[in-house]
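Undergrad: My questions all concern the structure below.
The values are calculated or read from the model by the stated rules, or taken from the named source; none is laboratory data. Nothing here was measured: the structure is a model prediction, and the numbers come from that model. Neighbour counts are summed over all protein chains in view; Cβ atoms, including those assigned to glycine, are modelled from backbone coordinates with ideal geometry. Note: accessible area is taken over every heavy atom of the protein model, side chains too, but ligands, DNA and RNA are not part of it. Shrake-Rupley method; radii C 1.70, N 1.55, O 1.52, S 1.80 Å.
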Amino acid sequence: FCLSRGLGDVYKRQHYVCIYNMLVRILSGIVLLLITGSSLIIGGWYLYGICIFISLVGMMEYYRVLGINKKLPGIIGYVGATAYYVSLLMTDECFGILVLTATAIAMMIAYVATFPKYTIEDIAKGYFGVIYVAVMISYIYLTRKLSDGEYLAWLIFICSWGSDSFAYLAGVAFGKHKMTPKLSPKKSYEGAVGGIAGAAVLGALFGVLVKYLTGADYMAAFTAASAIGATISIFGDLAASAIKRNKDIKDYGRLIPGHGGILDRYDSVIFTAPIVYWVLYFIVR
């Protein structure tokens, strides 16, 4: 009796902890959706600031995992990312290329000036963080600046987070063939197909809604952008997972309770944002 009573208490505590974790995840997810949605609706300086915040925090998580967060390559990376966002306010797009070039030069000067304190791998990690996080995330802001961007920007999250949801459902229902058993054991080819198809359907439905609201026929463009973006987002998710496996960590951070860090939640968005931007840029234009 005492043994069964003790085990019952353990199971109760585990049950309550599970419910608590689930509620925390749901509530933080709602807050995240409210912040994301409001930034896409308002746009302008609000979205600009949100993108800078996401980029710098994401870079911090990335640099911390790779061990260069407070080192010179990381500091140069932060300065380069900030300068890149300033360049987005310029009318001439060449300023962005100038900043990225100057950041690469600054990295190499630091490498030579402090040799042999830092390895070439440290320099490469620092510069890659600027591209992988800051530049890729900036495409959310750039998409919002396009003509009818208040609608177009939503596709980044429709084909990213939407495909994740459909991929999960399809994987649970039909998943048999694993994509990358060593990297992500739960991902299956059936889930991937379901995620891409679901994102394409969501894109088409969103196109219908936008046509009803504005009269503009974006259905074909939205469907194509969502399908292509969802396909690429799979690799964004796996790329972030690969880095975590290499460094033997579970999450990049704890900023978003129940979800992890910025890179844990925006891993697929990082790949989706530039793809959606360029697909829409050429098709819509």
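Undergrad: Of all residues in segment 229-253, which are closer than 23 Å to Arg144 by Cα, touching a residue at least 40 places away in the same chain (Cβ under 8 Å) and open to solvent by 40 Å² or more (accessible area, probe 1.4 Å)?
TA: Ile232
Undergrad: Further, regarding this structure: Which pairs turn up if I take residues in segment 213-227 that are among the aliphatic types (A, V, I, L, M) and look for partners that are open to solvent by 40 Å² or more (accessible area, probe 1.4 Å) with beta carbon separation below 6 Å, at least 6 apart in sequence or on another chain?
TA: Pairs that qualify, where the first residue is among the aliphatic types (A, V, I, L, M) and the partner is open to solvent by 40 Å² or more (accessible area, probe 1.4 Å), are Ala221/Ile283; Ala221/Val284; Ala227/Ile196.
Undergrad: Name the single residue, out of those in segment 130-151 being in contact with a Leu (Cβ under 8 Å, 6 or more places away or on another chain) and small (Gly, Ala, Ser), that is farthest from Leu280 (Cα to Cα).
TA: Selected residue: Ala134.
Undergrad: Being among the polar types (S, T, N, Q), closer than 16 Å to Ala227 by Cα and outside any loop (DSSP other than H, G, I, E, B) is the filter; apply it to segment 121-177 and report the residue that is least open to solvent (accessible area, probe 1.4 Å).
TA: Ser163
Undergrad: If we scan segment 196-213, do we find a residue that is closer than 17 Å to Asp164 by Cβ, of a type outside the set (Ser, Thr, Tyr) and under 18 Å from the mean Cα position of the chain (by Cα)?
TA: yes
Undergrad: Of the numbered conditions (1) of a type outside the set (Asp, Glu); (2) surrounded by fewer than 23 Cβ atoms within 10 Å (Cβ to Cβ); (3) in a helix (DSSP H, G or I); (4) at pLDDT below 90, Leu205 satisfies every one except a single condition; which is it?
TA: Result: Leu205 fails condition (4) only.
Undergrad: Restricting attention to segment 254-285, which residues are on the phi > 0 side of the Ramachandran plot and open to solvent by less than 30 Å² (accessible area, probe 1.4 Å)? Spell out the reasoning first.
TA: At the first step, the residues of segment 254-285 found to be on the phi > 0 side of the Ramachandran plot are 258, 260.
The answer is Gly260, and nothing else.
Undergrad: Now for a separate question. Given the structure, is Ile68 in contact with a helix residue (DSSP H, G or I) (Cβ under 7 Å, 6 or more places away or on another chain), outside any helix (DSSP H, G or I) and among the aliphatic types (A, V, I, L, M)?
TA: yes
Undergrad: Next question, about the same structure. In segment 69-78, how many are farther than 16 Å from Ala106 by Cα and open to solvent by less than 40 Å² (accessible area, probe 1.4 Å)?
TA: 1
Undergrad: Does Ala106 meet the test of being free of Cβ contacts under 8 Å to residues at least 40 places away in the same chain, assigned to a helix (DSSP H, G or I) and open to solvent by 30 Å² or more (accessible area, probe 1.4 Å)?
TA: In short, yes.
Undergrad: A further question on this structure: Does Ala81 qualify as being open to solvent by 10 Å² or more (accessible area, probe 1.4 Å) and either of a type outside the set (Val, Ile, Thr) or not in a helix (DSSP H, G or I) (or both)? Steps first, please.
TA: On the way: open to solvent by 10 Å² or more (accessible area, probe 1.4 Å): no; either of a type outside the set (Val, Ile, Thr) or not in a helix (DSSP H, G or I) (or both): yes.
Answer is no for this residue.
Undergrad: Between a residue in segment 261-285 that is at pLDDT 90 or above and any residue that is of a type in the set (Phe, Trp, Tyr) and open to solvent by 50 Å² or more (accessible area, probe 1.4 Å), which pairs come within a Cβ distance under 8 Å, given they are 6 or more apart or on different chains?
TA: Phe271/Phe235
Undergrad: Which of the residues that make up segment 55-68 are open to solvent by 10 Å² or more (accessible area, probe 1.4 Å) and either under 13 Å from Ile140 (Cα atoms) or basic (Lys, Arg) (or both)?
TA: Listed by number, the list holds a single entry, Arg64.
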